[in-house]
Amino acid sequence: MRELTSKIFLIIAIIVLGILVRFFKLADFPVQLNHDEVTQLYDAISIAQTGKDIYGNFLPFIFPSIGDFKPPFYTYITSLLYLIFGGGDVTIRLASSIFGVLIIPAVYIFTSRLLKNSIIALSAAFLTSIAPFEIFFSRKSFENGAGIFFILLGFTSLLSAMQNKASAKSLYLSAIFFGVTMYTYFSHIITLPLLLIAFTLIYKEFFLVNLKKTLLPLSFFVIFLLPLIILIITNPNTRFRSQTVFVTQDVNLGRNIDYSKTDNQILDFFTKNKAIVDFSFNKYLDQFSVTYLFSNGLDFTNQGSLGVGPLLFIQLPFLVLGIIYLVTLKGFNREKKFVLVWTILGMIPSGLTFESHSPHRSVMVFTMFNIISGAGLYSFCKSLRNLQGNYQILKKLIPAGIVIAFGINLLYFFHMYFVNFPYEKSQYIQYPFKQIAQYVWSQYDNFDVIIFDPKFGDVSPMIGVGAHYYLAYYGNYPPAKFQKEYRLGNKPRETIFDKFSIREVYWPEDRSLKNALIIVSPWTVPLNDIEDKSKIVKTFYFYNNKKAFYAIKL
Amino acid sequence: MRFASNWLLISLLLLSFIIRLLPVDFPNLTGEEARISYRGYTLAKYGTDELGRRFPLIFNGLDDYHLPAVSYITMIGVMLFGKTDLGVRIPFVLIGTLVVFLTFAVAKFFDAGFLFRIISAFLVASSPALIFSSKTPNETIVLVFIFMLLFYLLVNSKNLWLIILTMLAATLTSKLAWFILLPFTFYIIWLFKLRRGILILSLGVVITTLAVLPFLTIPQAKRSLLENNFPIFSNSTIKNGIDTLRGQGMKEGWPDIVSRLLFNKSHFLFVGLLHWLSHFNPTIYFGQFDPNGKMGYSYLGGWVKFLLIPFILGLVTIFKKGDRKLKLILVLFLIFTYPTFFIYPKVSIEAITLIFPFMAIIIAFGFVQIMEFSKKAALLGIFLIIFELAINICNISPEFKSTNWIRPSWVEAPILDIVNFSKDNKTAISDDIIFDISPFIYWYSPFDLANNHLIDMDFPYKLRQTRIGKILIVGSENNFYNCALDEPTSILASKRDLAKVKKWLNLTYEMAVKKNIRIILITTQHIFLIQPYA
């Protein structure tokens, strides 16, 4: 009883810790909504107010975004939160943070079910509560967090069903959880079915014996998925996303294919596909790079190896110990196979996309790494407890050292997250688009036309996306009106609504406009090209105080 | 049975030799390999190195000093087969083949079964990384051979003199050996509880000291060590990164003590540690060993892809069932690679390659597991190994294209042009036509070029030659000028220098192309302009 109480106390303490690190200054950090967040938030408001997305689609299953399509779950749940809590930047991050907290008990329950060891489960939950990737992704709108939560619940229910004579309740629950998962994040459409097939094969005896009991929940799962399946078949847009991010878009692969070209068509077909297989395999294996996992995988800084990985550096020895522990653990053969399959399949989405690393697609595996590290922490503590003889002092010193190391590592992460990340990477969340949006609305009545050229950059120029969303959202522009007003213009990159034109500025021509406010960066209009400097009425800065944009009054 | 086993082993060795030897001119040499090749030739013919020094013990390279073993091994090949591809490569092909045999011999210390031993040897024979490094004059394959031999001699408690000679050979092959030799010897002595351990270790200390101390007397030795073996300490990006990140914290009002606690010189330790561990990235072993194609096939890992499965199985088997020796052999991975801690940010392919024969033993354990599970699966595995190896070795065209810069196959013809032309004329060649041009000029020259580049210093560091015979090597810092009537000069120009010449002569590239001839004579300027190759 006392042991149970202390476990409950510990899991509550871990959850509280998780809440603290996820909700502390949530509205302020990250320092601005990125384009994904602002598009989803404005769409969510649009749905809540009008039942349609900003393009006028009624309760869509898939949300068109900027060069992208979003799965529905996150936007709808944010609509719900908007109706409950109202607007505000933090609204879009709430769902993610809530699921980020819920995942802690989910990991605990799942690990308890899988490995039947509550101390490993507690360790895994603890690591989940403080893992950099968990905190980072929980503090921004991120669909995959919810997805992982439901996957964990789904498999917990399945394991529970297996341990409780194929309980129908558990089987149906797992079908529901898996069904919801498929609507949360696109990559799960590939990984979850594969994982379920692998799970079925690993535990085939259970499924064969309980075939009748499992068929109905399986049918229920398929019915749940029918709208999604129909959508994938009938709407090519759903496939667009996977095509645009697939590994074949990688320029390095393109070069390799060029090198392998021959005059013989059959040989050419073979060598081309060989180049794709080789390249994909390398990319896949590279997802397991130690530097990426523990040093700079979250891409917080421009300082090479000085950064933050998805996992804490101090976790590295425990991950290794965890692997050794699981390998040498007697029994649990199927569970161990499942852990291995989860890790192998979970890395596929990240390994097969064109970006060198995409941690947001690998969260599933990082979650498993937390569980394995939890096993490592447990095995280490067990070995420490078994120390005998003259090493008694070590029993106190080593745990104290580990606690201090975890503390320093966590503090290092917070410094990186709250200080260095915004300093070094504010451009990549389109800072200072919010300030620009707020400023232009304050000047709304003074001009006939407001032009915004989102080409900008701290070190090199890039085109900021979703500027119209920032303008509409921060101007509290009614989505119903936006749905009617929003259109594409004739000029390069032009989108228009109300008196706003988001487009490329061509200064020799645009300088002669009258009663216009132009927001432009020095990349488009160098300071020297502006003859009358008094026309610059406002300067906007990146988070590191470098100049980002001017507001020019004409 | 014994007869069949012997024949199987002999066949494997023969096959290893053939795969390593053919095609004899593949891969093309790198600049450094061409330098060693030419050095082997001059040592064999004149008893001097390429700079005219008589049988030296330290040679000069573009990046660092070269220790003597590889150059003298190359010399032997040239003495036997002349200044040819075969001559400079065959000693390394033989050494690579001997590594296969040594793996067979060493594997018996872990499992005496013939099957296990022959699989280990087969894996080494088919390792793309070991095949590749056996095809050119380089330190790596020699070092792999020496450490395998040392392992065998130590564990077998063979002749002490042979052990001493092997240790000496290691210290004369690569600076990397200076760091690895003692921990390696100590570890093997400890692991196998060998007799005469203290004596052997003491001899190791003496031999290493004897190798290192004379090196340290060279004026640029410390710089060489710092830049090539301990570059982490001179890496300004880490120091700047620490200062930048700490400064940002201070600007944001974080307490100074916290910033100093989080961002300090201990980062060198963490960066070094992670860099060391990054040498265990699975991509290197099973995906892409060396993307540059310098030390391995550009499109192959150190092992073919399929072997990832038996490797994981082997590790699992060792952890579950293996004895102490087998488990502790994994520590060798750390011993071979620990010098990479200091070699940030470069990936040390050489250190990684040392692991391979021992890794083969682990993979062989996994392979035996597969065989026990299903013979068909094992046969399929062997087919996959041979298939992947064959399609990469037989189709080397992509390899030529992707290593065009570092292993240029096309450079021989233009170099022959310019060298022949230089017999009667002053000639120049851009230094960025390929990476490190001068050794290629020496190597491809059909006759011995007059070496007027003898230097004052005994041991010049990072020597970059700017003149070979009548050939001037033009760098980015050089400018063109009108020659006097009696000094016509021709240039094999890269794009960079052609642009300079065009600007200076007011000659358009289109004009040059229209002529469609290799040599354009511009008599008024007394300039021969050869069309660019790069």
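The values are calculated or read from the model by the stated rules, or taken from the named source; none is laboratory data. Source: prediction; values computed, not measured. All Cβ positions, even for glycine, are placed from backbone atoms using ideal geometry, and neighbour counts span all protein chains on display.
Within 11 Å of chain B (Cβ to nearest Cβ) and modelled with pLDDT of 85 or more, is that true of A:Asp278?
yes
Suppose the filter is of a type outside the set (Lys, Arg) and farther than 30 Å from A:Lys283 by Cβ; does A:Leu228 pass it? Write out each step before concluding.
Working: of a type outside the set (Lys, Arg): yes; farther than 30 Å from A:Lys283 by Cβ: no.
Against the criterion (of a type outside the set (Lys, Arg) and farther than 30 Å from A:Lys283 by Cβ), A:Leu228 does not qualify.
Identify, by number, the condition in (1) over 26 Å from A:Ala27 (Cβ atoms); (2) away from chain B (no Cβ under 14 Å); (3) more than 25 Å from the chain's Cα centre (by Cα); (4) surrounded by 12 or more Cβ atoms within 10 Å (Cβ to Cβ) that A:Gly457 doesn't meet.
(3)
What number of residues in segment B:211-221 are assigned to a helix (DSSP H, G or I) and either of a type in the set (Ser, Thr, Tyr) or surrounded by fewer than 12 Cβ atoms within 10 Å (Cβ to Cβ) (or both)?
So the answer is 2.
What's the total number of residues in segment B:297-340 that are within 13 Å of another protein chain (Cβ to nearest Cβ) and either of a type in the set (Asp, Glu) or touching a residue at least 60 places away in the same chain (Cβ under 8 Å) (or both)?
Total meeting the criteria: 14.
The conditions are (1) part of a helix (DSSP H, G or I); (2) within 14 Å of chain A (Cβ to nearest Cβ), and B:Arg407 fails exactly one of them. Which is it?
That leaves (1) as the condition not met.
Is there any pair with a first residue in segment B:456-467 that is part of a loop (DSSP other than H, G, I, E, B) and surrounded by 13 or more Cβ atoms within 10 Å (Cβ to Cβ) and a second that is hydroxyl-bearing (Ser, Thr, Tyr) and at pLDDT 75 or above whose Cβ atoms are under 6 Å apart and which are 6 or more apart or on different chains, and what are they?
B:Gln465/B:Ser438
Table: residues versus (1) in a helix (DSSP H, G or I); (2) out of contact with any His (no Cβ under 7 Å at 6 or more places or on another chain); (3) surrounded by fewer than 19 Cβ atoms within 10 Å (Cβ to Cβ).
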site	(1), (2), (3)
A:Asp299	no, yes, yes
A:Gly304	no, yes, yes
A:Leu312	no, yes, no
A:Pro317	yes, yes, yes
A:Leu321	yes, yes, no
A:Gly331	no, yes, yes
A:Val341	yes, yes, yes
A:His357	no, yes, no
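Is segment A:255-269 home to any residue that is among the aromatic types (Phe, Trp, Tyr), more than 9 Å from chain B (Cβ to nearest Cβ) and under 30 Å from B:Asp243 (Cβ atoms)?
No: segment A:255-269 contains no residue that is among the aromatic types (Phe, Trp, Tyr), more than 9 Å from chain B (Cβ to nearest Cβ) and under 30 Å from B:Asp243 (Cβ atoms).
Considering each of A:Leu153, A:Leu171, A:Leu196 in turn, give the residue that is under 30 Å from A:Asn34 (Cα atoms) and either of a type outside the set (A, V, I, L, M) or assigned to a helix (DSSP H, G or I) (or both).
Only one candidate passes the filter, namely A:Leu153.
Please enumerate the residues belonging to segment A:412-423 that are under 17 Å from A:Arg139 (Cα atoms), within 11 Å of another protein chain (Cβ to nearest Cβ) and of a type outside the set (S, T, N, Q).
Residues satisfying the conditions are A:Phe413, A:Phe414, A:His415, A:Met416, A:Phe418, A:Val419, A:Phe421, A:Pro422.
Working only within segment B:261-285, note down all residues that are among the hydroxyl-bearing types (Ser, Thr, Tyr), more than 7 Å from chain A (Cβ to nearest Cβ) and within 23 Å of the chain's Cα centre (by Cα).
Scanning segment B:261-285 gives a single hit, B:Tyr285.
Select from segment B:437-455 the residues that are assigned to a loop (DSSP other than H, G, I, E, B) and at pLDDT 85 or above and write down the one among them that is farthest from B:Ser476 (Cα to Cα).
Across segment B:437-455, the extreme among qualifying residues is B:Ser445.
Given (1) within 11 Å of chain B (Cβ to nearest Cβ); (2) of a type outside the set (Ser, Thr, Tyr); (3) more than 22 Å from A:Gln249 (Cα to Cα); (4) out of contact with any His (no Cβ under 9 Å at 6 or more places or on another chain), identify the lone condition not met by A:Lys337.
Only one criterion in (1) within 11 Å of chain B (Cβ to nearest Cβ); (2) of a type outside the set (Ser, Thr, Tyr); (3) more than 22 Å from A:Gln249 (Cα to Cα); (4) out of contact with any His (no Cβ under 9 Å at 6 or more places or on another chain) is unmet by A:Lys337, namely (1).
Within segment A:522-551, track down each residue that is small (Gly, Ala, Ser) and surrounded by 15 or more Cβ atoms within 10 Å (Cβ to Cβ).
Initially, segment A:522-551 is screened for residues small (Gly, Ala, Ser), giving A:534, A:548, A:551.
Answer for segment A:522-551, where residues must be small (Gly, Ala, Ser) and surrounded by 15 or more Cβ atoms within 10 Å (Cβ to Cβ): A:Ala548, A:Ala551.
Given A:Phe452, A:Phe497, A:Phe482, which one is modelled with pLDDT of 95 or more and within 28 Å of A:Gln49 (Cα to Cα)?
A:Phe452
If we keep just the residues of segment A:386-407 that are surrounded by 14 or more Cβ atoms within 10 Å (Cβ to Cβ) and of a type in the set (Val, Ile, Thr), which is farthest from the other protein chains (Cβ to nearest Cβ)?
So, considering only residues that are surrounded by 14 or more Cβ atoms within 10 Å (Cβ to Cβ) and of a type in the set (Val, Ile, Thr), the one farthest from the other protein chains (Cβ to nearest Cβ) is A:Ile398.
Within segment B:243-259, is there a residue that is more than 9 Å from chain A (Cβ to nearest Cβ), in contact with a Lys or Arg (Cβ under 8 Å, 6 or more places away or on another chain) and among the aliphatic types (A, V, I, L, M)?
no
Filter segment A:295-330 down to the residues that are within 8 Å of chain B (Cβ to nearest Cβ) and without any contact (Cβ under 8 Å) to a residue 24 or more places away in the chain, then identify the one that is farthest from A:Tyr378 (Cα to Cα).
If we take residues in segment A:295-330 being within 8 Å of chain B (Cβ to nearest Cβ) and without any contact (Cβ under 8 Å) to a residue 24 or more places away in the chain, then A:Gly304 is farthest from A:Tyr378 (Cα to Cα).
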